[in-house]
Amino acid sequence: MLTSGWVFVNNHRTVSSGQTSIFGSMHPCEGAKLEKGQPLTRFILKRLFAMPFLVLGIVTLAFLLTTVTKGDPLTAILSDRQLNDPEAVKAAMARWGLDRSLPERYFIYVRNLLSGDLGTSFVTRRPVLTDVLFRLPATLELVGAAMVIGSTIGISLGVLAAYFKNSWIDHLARLFALVGSSVPVFWMGLALLYVLSVKLGVVPGPGRLDPRASLPPTVTGFMTIDTLLAGEFKLFANALWHLLLPAFVLGWAVSGTISRLVRANMLEVLGREFILTARAKGAGELRVVIRHALRNTLVPTLTVISYSFAYLLTGAVLTETIFSWPGLGSYAVGAARALDFPAIIGVTLVGGIIFLLTNLITDIAYVIANPRVRLG
Amino acid sequence: MTDQSLPLARRLLVPYWLTLPMAIGLAIVLFWLLMVVLAPVVAPYDPLELVGRRLQPPSWQHWLGTDALGRDVLSRTLFGALHSIPIAVIVVVLAVSFGALLGALSGYIGGLFGSAIMRLVDVTLSFPPMLLAMAVAASLGPGLENAAIAMVIVWWPVYARLMRAQVLEVREREHVEAAIAAGASRPRILFKHILPLCWTPILISATMDLGQVILLAASLSFIGLGATPPTPEWGSMISDGAQQFYSWWVAFGPGVAILTVVLGFNFIGDGLHDYLDPRSE
């Protein structure tokens, strides 16, 4: 799990592509592999060119999932009640081409997807796409807050651990990082909710707002933004307050990886000659650490933070269930429990595409931000 | 790596790779491995039997309390090792076998076949792993075996990519050239001259992944896609605990079990990493 830092330190030309899981249960993500002397534009074009194929691959895998679904594929599209209705069965057969051959069905599946039709959820009886878009903001809000908390803790701990290398601070930071990536988020969520909310009452219970609070009109779907837009500052504070614990639980796991990476990079940078020069010129320690050292570790740090998105999406699935957070994660879990296939495959599809886009943006931002890569 | 400042006796008695984290990690993992074998002997009660009143807090009779049906949480937690650890081992072994084989073939044969496999790898790794595992497990139906299949599907590409990179590097070495010149057959070159040099990073990564696979399996069980009741599986026990939110002890035992066993594997991974990569020190 720490290999990422090692790769970054060893070779700034390779973004991550770590040997082992970087983010807890996340895969090593494929990083940008910019070969020496390859022009930047060609690299970006190549990555952009690969995108439609990857999306098609994701769609194909999703289609294959609908076909391996136990028994009749109709059960993946229709609810039990609709299955007893010959008219509905006939209509669904025609819409998804179930009476045709597999390749034909595949084309129909892709065509339906292109027009935004992901099927209808058994549970909510609404189009899956509508459900997904409705729930996406809550997840993005949670993941965003978790990223902020995770990187704040991670960078601070990483800097402290590197500065006080091999001291008790370093060891404590390492322990904190390892526990963060070892603990099941759903159990940590339960435990903290029990201790901090039920026993001590210092944080609110599950949900995005107090149960009795009146909801602000939905504009963006982000509770923090909607409350501000409505001018309800008390509600805004309440929304932030509710966001704190789930975002911390989710951010902790990522903070471990970030702190280990920041530590490794800081150690390397702190040993360089320009740090000695800065000290010789009489710069204060704080200035040396922040302005001279930390700034030179920013590119790999930002990269690992944006790659942490994948872990956060995974963690959100479980965190949302514990905190009754009405996002994509709890939707997916509800769908999985009810064997609501269109919903779960739809969420997987959307999750895959979001993940792909974030990684693409990260890769491109990385090569643009890193002159060593650009001029390599 | 050897720290010259240590007393001579300690340098001679303690092997240099046995750092404190490594030792703690090995101890924890050893404990849980023993539980896989010894749980029936050590556990005070039968994990499935209703041995006490419902939802009793920890006491001398039931160290970790009883669950909603009156089963002993400690016994269930110890028996949980019997499910979680073998499943994780099986998943990692299968994922390594498939992944390494396909990765090696892709790297050695290359061409259309090689890139087809790598595109499959790219697509699989394009999904957030938990979501893909959930979708596959749900499509196959609940149950520990199906969850295991889902996890293999999610995990093999990691090893395929790793193995391919290894093979691509090793096949350029001189001894392979010599073997080609000597007229060795292609399978012989792959299996005798290339593969033996490729295993180390894969085995290390597999060891470190064991903890993560345990975590993923528990997550799937937690949302009801893995073990089915009344199996004493840690993830589903925590799910029971979530339903009995105010009886904290129901989820406490299995939670600590997952935390320690995954932490153990991570400590070992951390130690291995320090040992193999002195640059980080």
I'd like the full set of residues that are open to solvent by 20 Å² or more (accessible area, probe 1.4 Å) and either over 24 Å from B:Gly141 (Cα atoms) or not in a helix (DSSP H, G or I) (or both), limited to region B:232-246. B:Gln244, B:Phe245, B:Tyr246
Answer yes if at least one residue in region A:351-360 is within 11 Å of chain B (Cβ to nearest Cβ), without any contact (Cβ under 8 Å) to a residue 40 or more places away in the chain and surrounded by fewer than 24 Cβ atoms within 10 Å (Cβ to Cβ), and no otherwise. yes
Might you check whether a residue that is part of a helix (DSSP H, G or I), under 30 Å from A:Phe355 (Cα atoms), modelled with pLDDT of 80 or more and among the aromatic types (Phe, Trp, Tyr) occurs anywhere in region A:56-78? yes
I'd like the residue in region B:9-58 that is more than 18 Å from the chain's Cα centre (by Cα) and among the aromatic types (Phe, Trp, Tyr) and, out of all such residues, is farthest from the other protein chains (Cβ to nearest Cβ). B:Tyr45
Region B:94-110, residues that are free of Cβ contacts under 8 Å to residues at least 40 places away in the same chain and β-branched (Val, Ile, Thr): B:Ile109
Do we find that A:Ala293 is in a helix (DSSP H, G or I), among the small types (Gly, Ala, Ser), over 22 Å from A:Val367 (Cβ atoms) and in contact (Cβ under 8 Å) with a residue 12 or more places away in the chain in this structure? yes
Identify the single condition in (1) open to solvent by less than 10 Å² (accessible area, probe 1.4 Å); (2) in contact with a Gly (Cβ under 9 Å, 6 or more places away or on another chain) that A:Val367 does not satisfy, given that it satisfies every other one. (2)
Please give the helices (runs of 4 or more DSSP H) falling wholly within region A:149-253 in which 2 or more residues are closer than 24 Å to A:Thr314 by Cα, within 14 Å of chain B (Cβ to nearest Cβ) and small (Gly, Ala, Ser). A:168-182, A:185-192
Hey, B:Val261 under 19 Å from the mean Cα position of the chain (by Cα), more than 7 Å from chain A (Cβ to nearest Cβ) and either touching a residue at least 24 places away in the same chain (Cβ under 8 Å) or in a loop (DSSP other than H, G, I, E, B) (or both) or not: yes
From (1) under 27 Å from A:Arg174 (Cβ atoms); (2) within 11 Å of another protein chain (Cβ to nearest Cβ), pick out the condition that doesn't hold for B:Tyr275. (2)
Being open to solvent by 50 Å² or more (accessible area, probe 1.4 Å) and farther than 20 Å from B:Ala206 by Cβ is the filter here, so list the residues in region B:91-119 that pass it. B:Ile109, B:Gly111, B:Leu112, B:Phe113, B:Ala116, B:Arg119
Output the number of residues of region A:301-332 satisfying the condition of being in contact with a Leu (Cβ under 8 Å, 6 or more places away or on another chain) and open to solvent by less than 10 Å² (accessible area, probe 1.4 Å). 14
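Picking from A:Leu172, A:Leu160, A:Leu113, which residue would you name as being at negative phi, free of Cβ contacts under 8 Å to residues at least 24 places away in the same chain and buried (at least 17 other Cβ atoms within 10 Å of the Cβ)?
Numbers: A:Leu172 fails: buried (at least 17 other Cβ atoms within 10 Å of the Cβ); A:Leu113 fails: free of Cβ contacts under 8 Å to residues at least 24 places away in the same chain.
Of the residues listed, the single one that is at negative phi, free of Cβ contacts under 8 Å to residues at least 24 places away in the same chain and buried (at least 17 other Cβ atoms within 10 Å of the Cβ) is A:Leu160.
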What residue, among those in region B:129-142 that are open to solvent by less than 10 Å² (accessible area, probe 1.4 Å) and more than 7 Å from chain A (Cβ to nearest Cβ), is nearest to the chain's Cα centre (by Cα)? B:Ala133
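Take B:Ala251 and decide whether it is buried (at least 19 other Cβ atoms within 10 Å of the Cβ), outside any loop (DSSP other than H, G, I, E, B), out of contact with any His (no Cβ under 8 Å at 6 or more places or on another chain) and facing chain A (nearest Cβ under 7 Å). Quick ask: steps written out before the conclusion?
Numbers: buried (at least 19 other Cβ atoms within 10 Å of the Cβ): yes; outside any loop (DSSP other than H, G, I, E, B): yes; out of contact with any His (no Cβ under 8 Å at 6 or more places or on another chain): yes; facing chain A (nearest Cβ under 7 Å): yes.
Judged against the criteria, B:Ala251 is a match.
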Filter result for B:Arg188 (surrounded by fewer than 22 Cβ atoms within 10 Å (Cβ to Cβ), more than 21 Å from the chain's Cα centre (by Cα), assigned to a helix (DSSP H, G or I) and within 9 Å of chain A (Cβ to nearest Cβ)): no
A:Ser259 - would you say it is in contact with a Gly (Cβ under 8 Å, 6 or more places away or on another chain), of a type in the set (S, T, N, Q) and crowded, with 20+ Cβ neighbours inside 10 Å? yes
What number of residues within region A:331-350 are more than 7 Å from chain B (Cβ to nearest Cβ) and of a type in the set (Val, Ile, Thr)? 1
Residues (open to solvent by 30 Å² or more (accessible area, probe 1.4 Å), within 23 Å of the chain's Cα centre (by Cα) and away from chain A (no Cβ under 12 Å)) located in region B:198-231: B:Trp199, B:Thr228, B:Pro229, B:Thr231
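The values are calculated or read from the model by the stated rules, or taken from the named source; none is laboratory data. Small disclaimer: the values here were computed from a predicted structure and weren't measured. Methodologically, a virtual Cβ is constructed for each residue, glycine included, from the backbone with ideal geometry; neighbour enumeration extends over all protein chains shown. Side chains are part of the model used for accessible areas, which takes the heavy atoms of the whole protein and leaves out ligands, DNA and RNA. Shrake-Rupley method; radii C 1.70, N 1.55, O 1.52, S 1.80 Å.
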